[in-house]
Amino acid sequence: MHELSLCQAIADTAVANADGRDVERIRLRIGHFRQVVPETLQSCWRMRRSDGPLARCELDVEYVPATIECRTCGSTTTLDQPLLRCGACDGTDVALVSGDEFLIVSIDVTSALASEEVN
Amino acid sequence: MGRFHRHPDGTVHEHDHDDDGHDHHDADADGDAEVEADAGGGGGGGGRDVGDHSGYETGSERVMVLEQILGENDRLADGNRALLAGHGIASVNVMSSPGAGKTSLLARTIPALRDRFRVGVVEGDIATSIDADVLSDLGAQVALVNTSAGFGGECHLDAVMVRAGLDRLRLDELDLVIIENVGNLVCPAEFDVGQDARAMVYAITEGEEKPLKYPVMFHAADVVVVNKIDLLPHLRFDLDAFRSNLEQVNPVATVIELSAETGEGVDAWIDWLAAQAVAGRSAATTTAGGRGAD
């Protein structure tokens, strides 16, 4: 539901790092605990990118599974639903060790090269 | 869900391939041309057909960013936190679904605190001033925040919006700021607004399964207020099942059962808020800032 806000933040960060160049691709790393709906993020992005330096920019998202570590028995559990309960001992004294990532990893920007330099 | 695939640089990801999705074999489109550019010329990736670009071709360059998506919001939230701490003000971000009873609870809360603490409210109402009018009549300083002022959403308050509200309060005359978030069980949990504590108001009319459906919100709460407890005889609501569901997503939250309608149990909520306000005061006399959101 807040994907449009996220897209705005992503767009601002990408443009700020592009140094005036067009951005072709933005790589993101998002944990499953972040409640981002992949389809909604992509459709909000197509709405947001509009004209300008992001007009052809695609979002590549690496979704990171949520895992917890149990403080009682030490087991690590990968969650298929966001319930914080140890898969080994059923304990609830757990720490989230992955799944809350919310990172802009990199952007790919266009650099125009004269063909003589290339060939 | 999209297609999962691996790039030559070792990154693995998936993304939606809609009709204009990228083609990995078309270097002229928005494909993976950057991988070759990344190789810095040493990759020897020959055979790139970039078509006729009339003397120019476009290459790609990867710029590492490694910034948090909501990094700017988080920085502004830290600013709000420091501002409030500097004035010795404790702050509580109150979140709930629409109609759970946030405003009714605050209407009971403000008169109960009035003799001991000076209360300000930042009110995140999307389109009306109805809630703000109720609360200002009770003697609280109220700043109504237009939720379209921030990062572009109307489903939550963010740090920019809350700052706009704080700037309209006379902070020197306050002990406690209550931030009444927009009614929504998803988005407000993601946005730090600079609060000391997060409170969630849940009504038993919402059903006992809600912690499992909205685990991030319930997980984020320091205190969960279980409201409309006066309706218990009239509902098929299993309070034990709710407690058990809540424990699965947040075993450490303080749980306060009350009725904003009858006043039953409200004292425990008032005591919790008062403890927050006292902590805010004493923190100001030791060190400004430093108290994190979690």
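Taking the criterion of being over 19 Å from the mean Cα position of the chain (by Cα) and within 16 Å of B:ASP133 (Cβ to Cβ), the residues of the stretch B:83-111 that qualify are B:SER104, B:LEU106, B:ALA107, B:ILE110, B:PRO111.
Taking the conditions (1) modelled with pLDDT under 95; (2) more than 17 Å from B:VAL94 (Cα to Cα); (3) buried (at least 19 other Cβ atoms within 10 Å of the Cβ) in turn, B:LEU169 satisfies each one other than (1).
Set side by side, the residues B:ALA277, B:ALA197, B:ALA189 differ, and just one is assigned by TED's automatic domain parsing to the domain that holds B:ILE110, touching a Ser or Thr at 6+ places or on another chain (Cβ under 9 Å) and surrounded by 22 or more Cβ atoms within 10 Å (Cβ to Cβ), which is B:ALA197. Residues that are touching a residue at least 60 places away in the same chain (Cβ under 8 Å) number at least 2 in the following strands (runs of 3 or more DSSP E) confined to the stretch A:3-114: A:23-31, A:94-98, A:102-114. Here A:LEU59, A:LEU54, A:LEU84, A:LEU41 are screened, and the one residue that is closer than 24 Å to B:SER244 by Cβ and either under 23 Å from the mean Cα position of the chain (by Cα) or modelled with pLDDT of 90 or more (or both) is A:LEU84. Among the residues of the stretch B:189-210 satisfying the criterion of being within 14 Å of chain A (Cβ to nearest Cβ) and touching a Lys or Arg at 6+ places or on another chain (Cβ under 9 Å), which is farthest from B:GLY120 (Cα to Cα)? Looking at residues that are within 14 Å of chain A (Cβ to nearest Cβ) and touching a Lys or Arg at 6+ places or on another chain (Cβ under 9 Å), I get B:GLU190. Pairs meeting the criteria (first residue in the stretch B:212-231 and farther than 27 Å from B:GLY263 by Cβ, second residue among the aromatic types (Phe, Trp, Tyr), beta carbons under 8 Å, at least 6 apart or on different chains) are B:VAL216/A:PHE33.
Listed by first and then second residue, the pairs with beta-carbon distance under 8 Å, at least 6 apart or on different chains, first residue in the stretch B:80-96 and not assigned by TED's automatic domain parsing to the domain that holds B:ALA159, second among the charged types (D, E, K, R), form an empty list.
Being without any contact (Cβ under 8 Å) to a residue 24 or more places away in the chain, buried (at least 16 other Cβ atoms within 10 Å of the Cβ) and among the acidic types (Asp, Glu) is a description that applies to B:GLU247.
For the stretch A:1-33, filtering for residues that are of a type in the set (Lys, Arg) and buried (at least 22 other Cβ atoms within 10 Å of the Cβ) leaves 2.
Scanning the stretch B:57-115 for residues being within 14 Å of chain A (Cβ to nearest Cβ), assigned to a strand (DSSP E or B) and farther than 26 Å from B:LYS228 by Cβ gives a total of 12.
The values are calculated or read from the model by the stated rules, or taken from the named source; none is laboratory data. Just so we're clear, the structure is a prediction, and the values are computed from it rather than from any experiment. All Cβ positions, glycine included, derive from the backbone under ideal geometry; neighbour counts span all protein chains shown.
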